[in-house]
Amino acid sequence: MRSLSNLKVVDAATLFAGPMAATYLGDFGAEVVKVEHPRRGDPARGHGPTKNGVGLWWKMLARNKRTTTLDLSRPEGQEVALRLLDEADVLIENFRPGTLERWNLSPETLLERNPRLIIARVTGFGQKGPMAHRPGFGTLAEAMSGFASMTGQPDGPPTLPPLALADGIAALAVAYAVMVAVHHREETGRGQVIDLAIIEPILTVLGPQLTAYHATGAIPERTGNRSTSNAPRNTYRTRDGRWLAISTSAQSIAERVMRLVGREDLVDEPWFASGRTRYEHADELDEAVGAWIAARDADEVIEEFDRAQAAIAPIYDASDIATDPQYRALETIVHVPDEELGSVAVQNVPFRMSESPGEIRWVGPPKGRHTDEVLAELGYSEEARTGLREAGVI
């Protein structure tokens, strides 16, 4: 049994945060209808690497979704949307505030027709405030949240991540918010509107920076690969040219590492008793650990750390992940048949459940692959669909 098979989700969002939230719901059986513009489609189709002209990011992002095209700015498209949403449980959209209202699809209108509908509005800055009207992307959230200001080398510029980090975090938050709203609806019978600004979830993930600022006035500084909460914590290069990462968040792990590298004398120092004060001596700790690692090959270092029950991991790229035995044991990568590319390797559902596991049933289909199927289910005849297509509505 797919645990969310009773949910009908309309994904009318673009790019990453909203669509990825719908993807998570689809992984556990929700019926997801992806709505794209008939001509432009979702811009995510053109992001990232391609094979034979087919976007590979799209294959992952649109998995388990049926794709339909619909011009929501046209009255005929709005009528189709209303009929689609009359039967839906969830709408996920990320248009700028006021757009749905301009298209006669305001939350008030939708909830009057379908009081059980849950409407997730995912925007860069939320539905109110002085920046609400601006276009917003994850990059801006990474900038405004404090992430960029605390990322990078101390003597370097603020650093943005080379991926849709804020969007990914927001997607998890949207999926969680939708499930909270579904639970509320089970208790009350009423849907509701979710207002999620992409600038907020990443702020939460970054920890107590605001609490610390209000309490002490402290502002996080760039520390490179180090952490102000513990040391040694860094990346270290081995004799055979590989890179390894070490964390000593637990005091016992820090002690094991220093004993392993032959510097048990440092463990007895008063400042070694807490992660914060160890960080104040990070240069000395990094010199000891780095020298020990630099004199050995990576496999030997990992074996010695494992024997000492200390935390270490190799720094991987995609080729390493593809062959790693731990990922293989978790079945993290699955190969899914695809009508365009034959077979596509994608990340599996990001966690395992013993009674109601998720599943990737198919990867992102071509644009409009299910338009006729979806509209036929809404009662549109072949003649009516032909008329909408000739008019450019679908």
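The values are calculated or read from the model by the stated rules, or taken from the named source; none is laboratory data. The structure presented is a predicted model; accordingly, all values stated were derived computationally and were not measured. Every residue, glycine among them, receives a Cβ derived from its backbone with ideal geometry; neighbour counts consider all protein chains shown. Each accessible area value is taken on the protein alone, full model and side chains, heavy atoms only, with ligands, DNA and RNA left out. Shrake-Rupley method; radii C 1.70, N 1.55, O 1.52, S 1.80 Å.
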With unit charges on the beta carbon (Lys/Arg positive, Asp/Glu negative), name the residue among 258, 313, 282 whose Cα is farthest towards the positive pole of the charge dipole of the stretch 233-314.
-> 313
With each run of n ≥ 4 DSSP H residues scored as -39500 (n - 2.57), what mean residue ellipticity at 222 nm is computed for the chain after dividing by its residue count and rounding to the nearest 500 deg cm²/dmol?
-> -11000 deg cm²/dmol
So how strong a dipole does the stretch 22-149 carry about its Cα centre when Lys and Arg Cβ are +1 and Asp and Glu Cβ are -1, to the nearest 20 debye?
-> 480 debye
Which residues' amide hydrogens lie under 5 Å from the amide hydrogen of residue 192, considering only partners 5 or more residues apart or on another chain, with H built in the peptide plane?
-> 118, 119
May I ask for the angle, rounded to the nearest 10°, between helix 75-86 and the longest principal axis of the chain, with both axes built from Cα atoms and the value confined to 0 to 90°?
-> 70 degrees
Pick out which of 252, 106, 73 has the largest mean-square fluctuation in a Gaussian network model of the chain, springs linking Cα atoms closer than 10 Å.
-> 252
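Using per-residue counts of other Cβ atoms within 10 Å, averaged over each peptide, order 109-118, 361-370, 47-56 from highest down. Walk me through the intermediate numbers first.
On the way: 109-118: 17.3, 361-370: 19.4, 47-56: 13.2.
Taking the mean over residues of other Cβ atoms within 10 Å, the ranking is 361-370, 109-118, 47-56.
Given a Förster distance of 56 angstrom, what is the FRET efficiency for residue 308 paired with residue 47, based on the Cβ-Cβ distance and rounded to 0.05?
On the way: r = 43 Å, r/R0 = 0.77.
Using R0 = 56 Å, I get an efficiency of 0.85.
Over the chain, with every protein chain in place, what whole percent of the accessible area is carbon and sulfur at 1.4 Å, could you tell me? Could the numbers behind the result be given before it?
Numbers: 10490 of 20100 Å².
The nonpolar share, carbon plus sulfur, comes to 52 percent.
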Can you pull the three principal axis extents for the Cα set of the stretch 212-261, in Å, largest first?
-> 45, 25, 10
Note, ³J(HN,Hα) from phi for the stretch 352-367, Karplus 6.51, -1.76, 1.60, rounded to Hz, x at Gly and Pro | 10, 10, 6, 10, 9, x, x, 7, 9, 8, 7, 9, x, x, x, 4
Quick one: accessible area per residue over the stretch 233-314, 1.4 Å probe, rounded to a whole number of Å²?
-> 53 Å²
From the P(r) of the chain, can you give the percent of Cα pairs sitting at distances over 29 Å?
-> 54 percent
Of 387, 238, 57, which is farthest on the positive side of the dipole of the chain, counting Cα position, with +1 on Lys and Arg Cβ, -1 on Asp and Glu Cβ, and the Cα centre as origin?
-> 387
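Relative to 2.2 N^0.38 Å, what does the C-alpha radius of gyration of the stretch 45-122 come to as a ratio? Two decimals please.
On the way: Rg = 14.9 Å, N = 78, 2.2 N^0.38 = 11.5 Å.
Working it through for the stretch 45-122, the quotient is 1.30.
Counting Lys and Arg as +1 and Asp and Glu as -1, each charge on the Cβ, what is the dipole of the stretch 211-303 about the Cα centre in debye, to the nearest 20? Intermediate values should be presented prior to the final figure.
Working: 12 positive and 16 negative charges, 74 e Å.
In total the dipole reaches around 360 debye.
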Mind listing the long-range amide H neighbours of residue 67? Cut-off is under 5 Å, sequence gap 5 or more, other chains count too, H placed in the peptide plane at 1.01 Å from N.
-> 34, 369, 370
Which angle from 0 to 90°, rounded to the nearest 10, does the C-alpha axis of helix 17-27 make with the longest principal axis of the chain?
-> 80 degrees
With the 8 Å Cα cutoff and a minimum separation of six or more residues, the chain has a relative contact order in percent of 20 percent
Rounded to the nearest 10 degrees, the helix 251-260 long axis (Cα) sits at an angle to the longest Cα principal axis of the chain of 50 degrees
Collect residues whose amide H, placed 1.01 Å from N in the peptide plane, falls under 5 Å from the amide H of residue 226; neighbours closer than 5 in sequence don't count.
-> none
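Using only alpha carbon pairs under 8 Å that are at least six residues apart, calculate the relative contact order of the stretch 233-314 and give it in whole percent.
46 percent
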Return the FRET efficiency for the residue pair residue 237, residue 99: r is the Cβ-Cβ distance, R0 is 51 Å, and the value is rounded to the nearest 0.05.
-> 0.50
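For the chain, give the magnitude of the charge dipole about the Cα centre (Cβ charges: +1 Lys/Arg, -1 Asp/Glu; no others), in debye to the nearest 20. Intermediate values should be presented prior to the final figure.
Working: 42 positive and 55 negative charges, 170 e Å.
Dipole about the Cα centre, nearest 20: 820 debye.
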Charge dipole (the chain, unit charges on Cβ, about Cα centre) - positive-most of 125, 178, 349 = 125
